[in-house]
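The values are calculated or read from the model by the stated rules, or taken from the named source; none is laboratory data. Since the model is a prediction, treat every value here as computed from it, not as a measurement. Note that each Cβ is placed from the backbone with ideal geometry, even for glycine, and that neighbours are counted across all protein chains shown. Quick note on the areas: whole protein, heavy atoms, side chains included, nothing else; ligands and nucleic acids left out. Shrake-Rupley method; radii C 1.70, N 1.55, O 1.52, S 1.80 Å.
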Amino acid sequence: MYKLTYKQYFEALKEGKLLGLKCNDCGSYTAPPKLCCDKCGSTNNEVVTLSGKGVIKTFTVIRVAPEGYDAPYIVAMAELEEGPWLMGNIANVDPDKAKMDNIIGKKVTVGAKVLPKMNYTPDEGVTPAFIIAE
Amino acid sequence: MRKVAIMGVGMTKFGPTEKSQVELFAEAAMEAINASNIKTKDVQALFLGNGLGDFEEGQLNLAGFCANELGLPPETTAMRFEGACASASVAIRNAFLLVASGAYDIVVAGGTERAFSMGTSLATRTFAMGTDSKYEEFSGLTFPGVFAMLAHLYANKYNIPLPKLKERMAMVAVKNHKNGAKNPLAQFQKEITVETVLKGFVVADPLQLFDCCPFSDGGAAVVITTDEIAKKHVEKPVYILGAGQGSAGSLCRQKDYTIMPSRIASAKQAYKMAGVGPKDINMAEVHDCFTIAEIVLLENLGFYDFGTASEAVEKGETEIGGKIAINPSGGLKAKGHPVGATGAAQVYEIVKQLRGECGARQVENAKIGMTDTLGGDAGTIVNLILGIQK
Ligand SMILES: [Zn+2]
């Protein structure tokens, strides 16, 4: 039933390929993947490779981290060219220099960061790592 | 559907405790049962909100232990409801629906939590479990982080300079501490100033310590029954006039979450059922887990136009005695936020307010009150509208 599971999405992301779904009914894109089109609910979707380009919409610098993470680091959301938003880290900015005017609205490309298996996770994790264009 | 009313309510003091989750709930529930002038054997079902009991005490399946602790008979239905921070509100809404439908006549609903005892690191990790664990949590996103990003999104969208927005956010904390100082059950009963907030250490830019609610322990419970039964047992039944619940997925799919469709949908259901609108609400106990959260929810519930609530806070419109009293109890910020108990504590406050039992923090002439509880990243939202007239 699934065209693209989270595991397949993670494996591709690790190799630098951002996969998503394109809806054959309404034309909109869904990423990260789920069972149906995020806009219209159709299951008539195909797996596509997305451009991996987007713009930062918002961010924070985490200064009190959960178990297994070392603060400070930047978490951000980017809007992809194709429409979906992604949650990830910003890889190439010093957290102490991150301000609204040098982060929000900046163009990024999507890379990946791999995290080892931790307490309460079934396996290793993969998260988008945004790289702000110079 | 039958008319549904709340009889007695009960609540422990919120804050660090040496009581277990079962003891916290049983204490609140027994207070509610006694205040209802009924016997424990009259209770047919126990609906328990609990978020993280498994991590806090290594205890699953809490509801049965709570029923037994209270001396309820073996035929009692006892169930745990989990909707992260909205757990108790989900339990109460389900009690309302099942009493309204005739499945039960008397239900005790509420919640319990012992989050303080986890310590900051484990608590931060487990609270983040309300975020999408596959697609978002691996970024190291924390619960304060979610609302920190919301503050940047809000400032950017409505073109409010961040220092200005932060000052208004601080005023939310100041107001809620001012109210909490008059609540003997609040975790923090101390007034603070805007300067206190702006001097705190940064938790997640731009949120500082006093922008965030604390980790808390506590229990709260209410007895839900029919109009007829309530009138026989208590002088002032409080009616559940409307109830709504909405859902949503990952934050990234919600995109610009200054507008939360799950909250708008939940509030709309509650307003429609009650036959009222935002302008009819005199006071509300709302989910101010972070200062920016209170500003954004005031807009999503329809009390203010989008982009305007921070200014209303600055003008004092949300104080007791203002246009609409928001969080007269002190809110999650000052009263405390024992996750699984929070929704029941909100209902506790509205019931006490409607009965005129709130002393120094009493909202005058309040006829209709509302609760708003958020679970996870707006994945679960519950709204209840309560009134003293049917
Ligand atoms: Zn579609």
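In whole angstrom, note down how far apart the Cα centers of the stretch B:165-220 and the stretch B:3-53 are.
If we compute the Cα centre of each part, the gap is 27 Å.
List the chymotrypsin sites (Phe, Trp or Tyr not before Pro) within the stretch A:1-73 that fall in a DSSP loop (any state other than H, G, I, E or B) and whose Cβ has at most 13 other Cβ atoms within 10 Å.
Details: sites: A:TYR2, A:TYR6, A:TYR9, A:PHE10, A:TYR29, A:PHE59, A:TYR69, A:TYR73; in loops: A:TYR2, A:TYR69.
Loop-located and lightly packed - A:TYR2.
For the stretch B:1-80, state which trypsin sites (Lys or Arg not before Pro) are in a DSSP loop and have at most 11 other beta carbons lying within 10 Å of their beta carbon. Provide the component values of the computation, followed by the final result.
Details: sites: B:ARG2, B:LYS3, B:LYS13, B:LYS19, B:LYS39, B:LYS41, B:ARG80; in loops: B:ARG2, B:LYS3, B:LYS13, B:LYS19, B:LYS39.
Listed in order of number, the matching sites are B:LYS39.
Greater than 28 Å separation of Cα atoms is the criterion. Which listed pairs, A:LYS17/A:LYS107; A:LYS106/B:LYS315; A:LYS14/A:LYS107; A:LYS14/A:LYS34; B:LYS39/B:LYS236; A:LYS97/A:LYS117, meet it?
On the way: A:LYS17/A:LYS107 18 Å; A:LYS106/B:LYS315 35 Å; A:LYS14/A:LYS107 21 Å; A:LYS14/A:LYS34 19 Å; B:LYS39/B:LYS236 19 Å; A:LYS97/A:LYS117 30 Å.
Going by Cα-Cα distance, A:LYS106/B:LYS315; A:LYS97/A:LYS117 fall outside the 28 Å limit.
Mind listing P(r) for the protein assembly as shown? All alpha-carbon pairs, 20 Å bins, whole percents.
With 20 Å bins starting at 0, P(r) equals 24, 54, 21, 1.
Helix B:162-180 versus the longest principal axis of chain B: what angle, 0 to 90°, nearest 10, using Cα atoms?
The helix B:162-180 is inclined about 30 degrees to chain B.
Please identify the GluC sites (Glu not before Pro) of the stretch A:44-100 that satisfy two criteria: DSSP loop assignment and at most 16 other Cβ atoms within 10 Å. Which are they?
Working: sites: A:GLU46, A:GLU67, A:GLU79, A:GLU81, A:GLU82; in loops: A:GLU67, A:GLU81, A:GLU82.
The qualifying sites are A:GLU67, A:GLU81.
Give the angle, between 0 and 90 degrees and rounded to the nearest 10, that separates the Cα long axis of helix B:342-354 from the longest principal axis of the Cα atoms of chain B.
With both axes taken from Cα atoms, the answer is about 80 degrees.
In percent, how large is the relative contact order of chain B, given Cα pairs closer than 8 Å and 6 or more residues apart?
Values: 976 pairs, mean separation 101.1, N = 390.
About 26 percent, as a whole number.
Test of understanding: in a Gaussian network model of chain B with alpha carbons linked when under 10 Å, which of B:MET30, B:MET171, B:MET273 would top the mean-square fluctuation ranking?
It is B:MET273.
Would you calculate the separation in nanometres between label points at B:ASN68 and B:GLU311, each defined as 7 Å from the Cα along the Cα-to-beta-carbon direction?
Output for this residue pair reads 5.9 nm.
Of all beta bridges DSSP finds with both residues in the stretch A:51-134, what is the antiparallel percent, to the nearest 5? If you can, show how the numbers build up before the last one.
Working: 24 of 26 bridges.
Of those bridges, close to 90 percent are antiparallel.
Write down the radius of gyration of the stretch B:69-134 and its Dmax, each obtained from C-alpha positions, in Å.
Both quantities, over Cα of the stretch B:69-134: 15.5, 45 Å.
What's the long-distance tail for the stretch B:260-304, i.e. % of Cα pairs beyond 18 Å?
Numbers: 224 of 990 pairs.
Percent of Cα pairs beyond 18 Å in the stretch B:260-304: 23.
At q = 0.09, 0.14, 0.18 Å⁻¹, what log₁₀ I(q)/I(0) does a Debye calculation on the Cα points of the stretch B:137-294 give, no solvent, two decimals?
Rounded to two decimals, the profile gives -0.41, -0.94, -1.30.
Take every Cα-Cα distance within chain B, group them into 20 Å bins from 0 onward, and report for each bin the whole-number percent of pairs it holds.
Pair shares across the bins are 32, 60, 8.
With springs only between Cα atoms under 10 Å, which of B:VAL286, B:VAL313, B:VAL202 fluctuates most in a Gaussian network model of chain B?
Evaluated over chain B, the most mobile residue of the options is B:VAL202.
Provide Rg and Dmax in Å for chain A, with only Cα atoms included in the calculation.
For chain A, the Cα radius of gyration and maximum Cα-Cα distance read 15.5, 45 Å.
Sorted from largest down, what three extents in whole angstroms do the Cα atoms of the stretch A:1-50 have along their principal axes?
29, 20, 13
If B:LYS352, A:LYS97, B:LYS182, B:LYS236 are ordered by their accessible area, calculated over protein heavy atoms with a 1.4 Å probe, which sequence runs from highest to lowest? It would help to have the intermediate numbers written out before the result.
Working: B:LYS352 45, A:LYS97 135, B:LYS182 75, B:LYS236 95 Å².
Reading off the accessible areas and sorting them downward yields A:LYS97, B:LYS236, B:LYS182, B:LYS352.
Between helix B:21-35 and chain B, what is the angle of the helix's C-alpha long axis to the longest principal axis, kept within 0 to 90° and rounded to the nearest 10?
So the inclination is approximately 60 degrees.
If you take the accessible area of A alone plus B alone and subtract the pair, what total do you get in square angstrom, rounded to 100, with a 1.4 Å probe?
Working: alone 8030 and 14610 Å², together 19350 Å².
Using a 1.4 Å probe on protein heavy atoms, the buried area is about 3300 Å².
Over the stretch B:1-89, what per residue volume does the convex hull of the Cα atoms give, in whole Å³?
Values: hull volume 10.3 nm³, N = 89.
Here the figure is 115 Å³ per residue.
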